[in-house]
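Accompanying notes for the structure given below.
Nothing in this text is a laboratory measurement; each read-out follows from the coordinates by a stated rule. The structure presented is a predicted model; accordingly, all values stated were derived computationally and were not measured. Here the Cβ is made from the backbone with ideal geometry for all residues, glycine too, and neighbour counts use every protein chain on show.
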Amino acid sequence: MDPTAQAAVKQRAPWPPLRALAWRAGAVALLLALDLWSKAAVFARLGPPLRPLPGAAVEYDAHGHPREPILGDWLAWMTSLNPGMAWGFDRLPTHVLVFGRCAAVLVLLWLVARNPLSRRTLTWALVLVLAGAMGNLYDNLFTASGERPFGMVRDFIDVYFAVWDWHFPTFNVADSCISVGAVLLFASSWKKEPAAEHGA
């Protein structure tokens, strides 16, 4: 088949069935709900960064961070507000970052809806990244207060490596979704997936 014919076939590719679209939408909604619920629950329990609520079950590490241990010293809840991107990168102007996230969510919505049934790994990768992007965008759009036009992303999962006395950058469920989705995206580029007639 020549390239022109292939392009025409791709343009005529049908939408996935309604059942598959419903599963994808449900998975995104569930992951988004888990992200928003977990952020709200931990921040309600511990309070904002460096100002724990009275009676909160927190300990302080050597750097003065209030933490609630979960598994020894290496895993704990520790509230943090991130004004920028992953790893605390905040060089981009806030409005550029937020508008970029809005554009990314719109593109991901289209890709999730149009991805064929045969690309299951890619579908779940896109679902995870979309849910994570929506979770962090929610914080930008709906948690603003004070002089900032956009809210900061709420992080609370703290991993500590005592041997180096180093905290991995605090993250949240949305960040975890994006990270796992990125790995699956990479895997899907190498994996030849069989055709599927039903499913997500």
Let's test the formula: R0 of 30 Å, r as the Cβ-Cβ distance of V163 and L185. What FRET efficiency results, to the nearest 0.05?
0.40
Dipole moment magnitude, nearest 20 debye, segment 100-200 about Cα centre, only Lys, Arg, Asp, Glu C-beta charged:
500 debye
Multiply the residue gap between E147 and A57 by 0.36 nm, knock off their C-alpha separation, and tell me the result in nm, one decimal place.
29.3 nm
